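Every number here is computed from the coordinates shown, using simple stated rules; none is lab data. Computed from a predicted model, the values in this text were never measured in an experiment. Cβ coordinates were reconstructed from backbone atoms using ideal geometry, including for glycine residues, and neighbour counts include every protein chain displayed.
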Amino acid sequence: MIRRFAGDRLVLATHNRGKVEEFAYLMQPRGVAVLAAADLGLPEPEETEATFHGNAVLKARAACAASGLPALADDSGLVVPALDGAPGIHSARWAGPERDFSLAIQRVLAALRERGVDPALVPPAASFVAVLALAWPDDHVETVEGRCEGHLTAPPRGANAFGYDPIFVPAGETRTFAEMDAAEKHRHSHRGRAVRALLAACFDMG
């Protein structure tokens, strides 16, 4: 049986401020306070698993054990079939130690061009994937997945830059995620879909 969340606060197992802001926005309607792992001084565990699911569970359990509170972790990334699924679970690593996603974007575009794919001429298919893991102190974990299909474009567009958003256009749209406001983006996004699935499964929707 899926476990329901009964508390009013949880730890978000990330040091990424953009993710903290997104989750705070998405969880606010449920009256749940989101505490960032970075603000609590929690270390970031090494992501040693080979899947989004495995890394999400690893991070949630680590934050839960360190804080003594329920913890929510997200593992997400950009999947590009023309790059054999890369950057995938290594999406953040492509941004380097400084988490410079303008660098990561240029790496993706350069890798595509090396394979004879010019996103400015023939937009390649891509998807964003997010797996959420919610862990409790007794080691129980619930997981959900959200996926957004679309394609890549070049050059990058949009002022609301976060991650690979400036080059990703969701299916049925002409704008990149970075050209949308928060409400519009979350209607489409992989993380928005994963959060809605988690709320439906584990939180009071009344």
(request) Within the stretch 124-156, count every residue that is surrounded by fewer than 17 Cβ atoms within 10 Å (Cβ to Cβ), of a type outside the set (G, A, S) and either in contact with a Pro (Cβ under 6 Å, 6 or more places away or on another chain) or not in a strand (DSSP E or B) (or both). (result) 5
(request) Could you list all residues from the stretch 157-183 that are among the acidic types (D, E), surrounded by fewer than 17 Cβ atoms within 10 Å (Cβ to Cβ) and farther than 30 Å from F5 by Cα? (result) E173
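On the given criteria, is V80 more than 21 Å from P170 (Cβ to Cβ), β-branched (V, I, T), out of contact with any Lys or Arg (no Cβ under 9 Å at 6 or more places or on another chain) and touching a residue at least 60 places away in the same chain (Cβ under 8 Å)? Write out each step before concluding.
Values: more than 21 Å from P170 (Cβ to Cβ): no; β-branched (V, I, T): yes; out of contact with any Lys or Arg (no Cβ under 9 Å at 6 or more places or on another chain): yes; touching a residue at least 60 places away in the same chain (Cβ under 8 Å): yes.
Spelling it out, it is not the case that V80 is more than 21 Å from P170 (Cβ to Cβ), β-branched (V, I, T), out of contact with any Lys or Arg (no Cβ under 9 Å at 6 or more places or on another chain) and touching a residue at least 60 places away in the same chain (Cβ under 8 Å).
Of all residues in the stretch 154-176, how many are more than 13 Å from the chain's Cα centre (by Cα) and either closer than 19 Å to L103 by Cβ or in contact (Cβ under 8 Å) with a residue 60 or more places away in the chain (or both)? Quick ask: steps written out before the conclusion?
Going through the stretch 154-176, the residues more than 13 Å from the chain's Cα centre (by Cα) turn out to be 154-161, 166-176.
Narrowing the set further to residues that are either closer than 19 Å to L103 by Cβ or in contact (Cβ under 8 Å) with a residue 60 or more places away in the chain (or both) leaves 154-161, 166-168, 176.
Number satisfying all stated conditions: 12.
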(request) Determine whether A194 is under 23 Å from F23 (Cβ atoms), of a type in the set (G, A, S), touching an Asp or Glu at 6+ places or on another chain (Cβ under 9 Å) and surrounded by 21 or more Cβ atoms within 10 Å (Cβ to Cβ). (result) yes
(request) Tell me which residues, restricted to the stretch 16-37, are among the small types (G, A, S) and loosely packed, with under 15 Cβ neighbours inside 10 Å. (result) G18, G31, A33
(request) Considering only the stretch 35-69, state which residues are in contact with a Lys or Arg (Cβ under 8 Å, 6 or more places away or on another chain) and within 18 Å of V141 (Cβ to Cβ). (result) P45, E47, L69
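Of all residues in the stretch 157-194, which are under 27 Å from D8 (Cα atoms) and out of contact with any Pro (no Cβ under 7 Å at 6 or more places or on another chain)?
Here is the first cut: in the stretch 157-194, the ones under 27 Å from D8 (Cα atoms) are 182-194.
Answer for the stretch 157-194, where residues must be under 27 Å from D8 (Cα atoms) and out of contact with any Pro (no Cβ under 7 Å at 6 or more places or on another chain): A182, A183, E184, K185, H186, R187, S189, H190, R191, G192, R193, A194.
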(request) Take the stretch 96-123 and flag every residue that is part of a helix (DSSP H, G or I), free of Cβ contacts under 8 Å to residues at least 12 places away in the same chain and not polar (S, T, N, Q). (result) L103, A110, R113, E114
(request) Run down A71, A50, A60 and say which single residue is out of contact with any Gly (no Cβ under 6 Å at 6 or more places or on another chain) and either free of Cβ contacts under 8 Å to residues at least 40 places away in the same chain or under 17 Å from C148 (Cβ atoms) (or both). (result) A50
